Amino acid sequence: MKPTIFSGVQPTGIPTLGNYIGAMKGFVDLQHDYDATYCIVNQHALTVPKDPAKLKKQTLQLAALYLALGIDPNVANIFVQSDVPAHSQAAWMVMCMTGLGELERMTQFKDKAAKQESVGAGLLVYPPLMVADIILYDAQYVPVGDDQKQHIELTRNFVDRFNARFGDDILIKPEAIFPKAGSRVKSLQDPLSKMSKSDKNEKSFILLLDEPKAITKKIKGAVTDSLGIVKYDEENQPGVANLLNIFSSLSGRTIEDLVEDYGDTGYGRFKGDLAELVVDTLAPIQERYQKLLVSDDLRDILHTGAQRANEKASVTLARMEKAMGIGY
Ligand code: TYM
């Protein structure tokens with residue numbers, strides 16, 4: 001039997017190159033070697049206010065993008081979180097066994113709460129829902145970017161606690177899988193912060209559906225330094241290190257090989273070649289995406305995915321409920 005993996009992405013708009021390199025590229029690369037389940041986590045998206053029509057549209061857009069990236073629905077299961085009620089049912093049990101202090105310590109909670117005028121409880125209990133997502137599929141591995149590390153740690157601690165209290169091996173303890181290069185893709189304008197689509201400066205991120213011209217402009221305009229040497233030095237040359245990570249991830253070439261190639265030839269050729277690589281990587285994805293978005297198959301694929309996910313999740317949920325004494 002293949003090892004199991006689970007991961008999810010929020011349908012909060014067109015994903016960035018950071019989402020792709022940090023997680024979604026791995027979804028595609030890993031699907032054949034693992035028993036893979038990929039979720040569109042629309043309930044997570046409710047933790048900050050959302051326009052309902054937009055949320056619906058972005059849910060389908062993300063499904064089309066999953067397929068356009070190369071996730072094969074006959075190989076990996078893709079589905080929408082709200083189609084599987086076990087997620088919120090399991091999340092309740094997770095919440096009841098998670099300390100308030102643990103949740104208040106989550107850095108993503110602190111960052112996001114600081115940006116909201118009023119903070120909904122959902123933002124605080126977002127990690128237990130993520131724990132539920134993962135454990136319901138008996139996931140052994142979770143491909144994610146570096147910013148999810150703390151949430152995976154919380155999941156591991158929860159599983160230990162649950163199994164210690166109710167019986168060994170009821171739940172599977174997952175492990176994160178981070179990509180070799182680009183587990184934290186940085187902003188193109190401030191290489192000390194994470195690339196994020198919620199950044200006010202549009203030059204700081206590349207969206208997977210950006211036009212070639214815009215991509216080239218953003219990469220050529222990426223903040224680097226005045227040293228003019230292509231070298232991997234995160235501390236002194238964070239901008240160049242970030243571009244090297246992106247280059248390495250998309251080309252499959254090692255950082256050493258790239259450094260040897262570009263070394264002291266300045267940043268012009270390096271950025272030019274990287275821009276071309278990003279454009280060439282995204283062009284076929286964009287082409288497939290446009291076709292998939294209007295295809296009738298999209299909803300069918302999600303319905304089938306939900307059926308399969310429900311079958312699997314309900315078994316784990318029953319195991320948890322039995323352990324905790326839910327039922328009579
Ligand atoms: P989300 O939707 O914010 O991001 C999706 C994935 O993209 C990764 N990512 C990045 N990786 C590298 N560099 C970046 N700049 C960058 N920005 C985002 C994220 O680490 C993530 O892997 N809580 C999750 C969604 C989720 C989930 C789950 C993930 C819900 N349930 C269960 C795994 C398993 C989130 O908000 O990801």
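The values are calculated or read from the model by the stated rules, or taken from the named source; none is laboratory data. On a predicted model such as this, the values are computed, not experimentally measured, just so you know. A quick note on method: Cβ atoms are made from the backbone with ideal geometry, for glycine too, and the neighbour counts reach across all protein chains shown. Calculation scope for accessible area: heavy atoms of the full protein, side chains included, ligands and nucleic acids excluded. Shrake-Rupley method; radii C 1.70, N 1.55, O 1.52, S 1.80 Å.
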Name the residues whose placed amide hydrogens come within less than 5 Å of the amide hydrogen of I78, ignoring near sequence neighbours (fewer than 5 apart) on the same chain.
Y38
In a solvent-free Debye calculation with one equal scatterer on each Cα, what is log10 I(q)/I(0) for region 96-254 at q = 0.09, 0.16, 0.17 Å⁻¹, listed in the order of the q values?
-0.41, -1.01, -1.07
If R0 = 45 Å, then A114 and M1, at their Cβ-Cβ distance, give a FRET efficiency to the nearest 0.05 of 0.55
Classify region 194-328: rounded, prolate or oblate, from the alpha-carbon gyration tensor (a ≥ b ≥ c, eigenvalue square roots; a/c under 1.5 rounded; otherwise prolate if a/b is larger than b/c)?
prolate
Let me know the charge dipole size of region 31-117 about its Cα centre in debye, to the nearest 20, where only the beta-carbon of Lys, Arg (+1) and Asp, Glu (-1) is charged.
400
Segment E175-S88, length gained on full extension (0.36 nm per residue, minus Cα span)
29.1 nm
Determine ³J(HN,Hα), in whole Hz, for all residues of region 257-263 in sequence, where each value follows from phi through the Karplus function 6.51 cos²θ - 1.76 cosθ + 1.60 and θ = phi - 60°; x replaces Gly and Pro.
4, 5, 5, 5, 5, 9, x
Lysine-lysine proximity count for region 212-289, Cα under 17 Å, sequence distance 8 or more or distinct chains
5
Quick check on my link table: of K25/K312; K56/K112; K180/K322, which ones sit more than 28 Å apart, alpha carbon to alpha carbon?
K180/K322
Which FRET efficiency value, to the nearest 0.05, do you get for E234 and D296 by plugging their Cβ-Cβ distance into 1/(1 + (r/R0)^6) with R0 = 41 Å?
0.30
Taking one equal scatterer on every alpha-carbon of region 135-223, how large is log10 of I(q)/I(0) by Debye at q = 0.13, 0.14, 0.22 1/Å?
-0.59, -0.64, -1.01
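Can you give me the orientation-averaged projected area of the convex hull built on the Cα atoms of region 212-289, in nm²?
5.1
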Could you tell me what percent of the accessible area of the chain is made up of carbon and sulfur, with a 1.4 Å probe and every protein chain present?
51
Would you mind working out the accessible area per residue for region 212-289, using a 1.4 Å probe, and quoting it in Å²?
49
Within region 1-154, the percent of DSSP beta bridges that are antiparallel, given to the nearest 5, stands at 0
In the chain, what percentage of the DSSP-assigned beta bridges are antiparallel, given to the nearest 5?
10
For region 304-312, take each phi angle, set θ = phi - 60°, evaluate the Karplus expression 6.51 cos²θ - 1.76 cosθ + 1.60, and give the result in whole Hz per residue in order, putting x for glycine and proline.
4, x, 5, 4, 5, 5, 4, 4, 5
Could you give the size of the charge dipole of the chain about its Cα centre, using +1 on the Cβ of each K and R and -1 on the Cβ of each D and E, expressed in debye and rounded to the nearest 20?
840
1/(1 + (r/R0)^6) with r = Cβ-Cβ of K217 and R105, R0 = 35 Å, i.e. FRET efficiency to nearest 0.05, evaluates to 0.30
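What number in nm² do you get for the chain if you take the convex hull of its Cα atoms and divide its surface by four?
The Cα convex hull of the chain, projected and averaged over all directions, gives 17.8 nm².
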The rounded separation in angstrom of the Cα centers of region 288-328 and region 28-77 is 12
